[in-house]
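J.: Attaching a single structure in C-alpha cells format; questions to follow.
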Amino acid sequence: MQQKKNSRLVAAEIITQWLVDRRFPDRQLARIEHDNAFIMEVVNGVVRNHNILRWLEQGMVPSEPEPFFKAVLYVGLYQLLFMDKVEEYAAINETVDAAKGRPGGPGNAKMINAVLRRAQREREDIFKELKRQPDDIRLSHPDFLLERWRRQFGEIETGKLAEWNNHPPETILRVEQTVISEADFLAKLSEAGIELVAHPFSDREKFYILPRGLAVRKLPGYDEGWFTVQDPATSISIDLLRPCPGEAVLDACASPGGKTAMIASRMKGEGSLVAMDLHDDRMATLKENMDRLNLGWVELVQGDAREPRKALGDRTFNAILLDVPCLNTGVLRRRIDARWRVNSNRIKAITEIQYDLLSACAELLKENGRIVYSTCSLEPEENEDLIARWVREHPGFSKEKAKKTFPPKTGTDGAFAAVIRRD
C-alpha cells in the first residue's frame, strides 16, 4: 500500500511551481486526494499572503533560499501565523520533515526549523511590527493595484477592499426556483441539519450562504439541480439583460453555466437559448452543469466569441450576454493569484480582447436587440471607459444603463455590467 505523502510537502511542491513561473496550478489542486481542504487552504493562504511571507523571510533568513525551500518555509510560517486550528508542533515538525528529502535538505531543514521556532516565540511581536509596514506588505497587495484603487475609490475604501480580498470566500447558493421553491429548499436542507443564512443582496434571485466546511456535491439536491453555486453579483448582468420567454438569447461566454441557468429560468423554457464557449474543458463543465440542472433545452455550441459566425452562421438574437474574460480584480477572494498578475501590459492586452469580443457579438443582434457586456473586474479601462469608447466608435448603438458592485459595500464579488441596444 502506497504511503500517504506529507501534506506540507504536497503544498510546498505546488507553491514552488507558482513561485517559479507564476502559473496557478488549479488542475493540480483539483487532483489532490488526501487532505484536500488543508492543502487548498495552505496553498491559497501562502499565495494570498505572499508579500507578508516574503517580508518575514527577508527579515529572518540571511540569504534567499532556493524556490522549493522558500516554499516549505512559507508553508510553515503560514500555518503558525494564520491557521489557529493547526497544532504548532505539527506545523513545525512536519514542515521541517518536508524539506529533508531534497538535495541540500538537511541544512535547509535546520534553517527552516530555526525560523519557524523564532516565529512561534515572536508571534505577537511579528503582528505588531506588521501593522507598521507599508500597505503593500501589511495588506499583501501589489503597489500597482493599491495606487490605482486609491485614485478610483480613495484611501479608506481601498483599505476596506484589500482587507475584504484577504478573507477566504464564502460559498453561496442560488436556489433554482423553477425546480424547487425557496421554502421547500430551506426545509430540505434543514432536515439534513444544514441551516442557511440569506444573503442580503438577494432580491428576485434567492441566494444563501453555506456554512463553511460542507462539500457542495454532498448537499441534498445537488444531483437534482436544486441550486447553483454563484455569487449574488452575477445577477446584475441578468437583471440588465431582461431575457423574456419566446426570445432568441445567446450566452456568448457561458461556462460554467450559472448565468445561463439564470437566463433559462427567466425564459421559462420558451424561446431559444444558446450557450457558447470555446475550450473543450469549459464546454465539458458547461454540459455537466446543464445536465445536472435538467436544462436539456439549452443549445450548447462550441465556438469563439471573437468569430461567432463561424459557429452560429447567420443566426441573430434579441438579447446577448457577453461575460468577457477580465483581470478578475473584483473576485480576488476567489482568484487567489490574480492580484499578482495585473500590470499595464495585461490591462492593455485584455481590453483589446474585450473590445473585439463586444464588436463581434454586437453584430449578431436583431434590430432593437440588446447586449449586456459584463466583467468581474473593478478597473475602469475594462468597464466604463471601454463601453464609452465602444459606443462612441459604433454609430447605431447606444448605452442604456450600467450597474457595478463594490465588495465591501455590497458584500458580494465585484462586478460590472452595461446594456447596449442596437438602434
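Every number in this text was worked out from the coordinates using simple rules, so none of it is lab data. Values in this document were obtained by computation on a predicted structure and should not be read as measured data. Here the Cβ is made from the backbone with ideal geometry for all residues, glycine too, and neighbour counts use every protein chain on show.
J.: Just want to confirm a number: the relative contact order over the chain, from Cα pairs under 8 angstrom separated by 6+ residues, in percent.
T.: Taking the mean separation of contacting Cα pairs over the length of the chain, I get 12 percent.
J.: Okay, next question. Please report 140, 181, 235 as a ranked list, fewest other C-beta atoms within 10 angstrom at the top and most at the bottom.
T.: The most exposed by this proxy come first: 181, 140, 235.
J.: What percent does the relative contact order of the range 171-229 come to when contacts are Cα pairs within less than 8 Å and at least six residues apart?
T.: 50 percent
J.: Post the alpha-carbon centroid distance, the range 21-94 to the range 343-404, in whole angstrom.
T.: Between the Cα centres of the range 21-94 and the range 343-404 lies a distance of 39 Å.
J.: Give the lysines whose C-alpha is closer than 19 Å to that of residue 100, dropping any in the same chain fewer than 8 places away, or say none.
T.: Leaving aside lysines fewer than 8 places away in the same chain, those within reach of residue 100 are 4, 5, 70, 110.
J.: Another one. Take every DSSP beta bridge whose two residues both sit in the range 141-282, then give the antiparallel share in percent to the nearest 5. Write down the numbers at each step before the final one.
T.: On the way: 9 of 13 bridges.
The answer is about 70 percent antiparallel.
J.: Given R₀ = 30 Å, what would the calculated FRET efficiency be for residue 17 paired with residue 203, taking r from the Cβ atoms and rounding to 0.05?
T.: That pair, residue 17 with residue 203, gives E of 0.10.
J.: Want the number for residue 85 to residue 190: 0.36 nm per residue separation, take away the alpha-carbon distance, what's left?
T.: Gain on stretching residue 85 to residue 190: 35.1 nm.
J.: Further question on the same structure: Residue 401: which lysines have alpha carbons under 22 Å from its alpha carbon, excluding same-chain residues fewer than 8 sequence positions away?
T.: Counting by Cα, and skipping residues close in sequence, residue 401 has these lysines nearby: 259, 366, 409.
J.: When 375, 178, 228 are ordered from fewest to most other Cβ atoms inside 10 Å of their Cβ, what list results?
T.: 178, 228, 375
J.: While we're on this one: For residue 127 and residue 57, compute 0.36 nm times the residue count separating them, minus their Cα-Cα distance, and round to one decimal in nm.
T.: That pair, residue 127 and residue 57, stretches by 23.8 nm at full extension.
J.: Still on this structure, please answer the following. Which of the lysines could a cross-linker span from residue 188 if the Cα-Cα distance has to be under 20 Å and same-chain partners fewer than 8 positions apart are dropped?
T.: 206, 218
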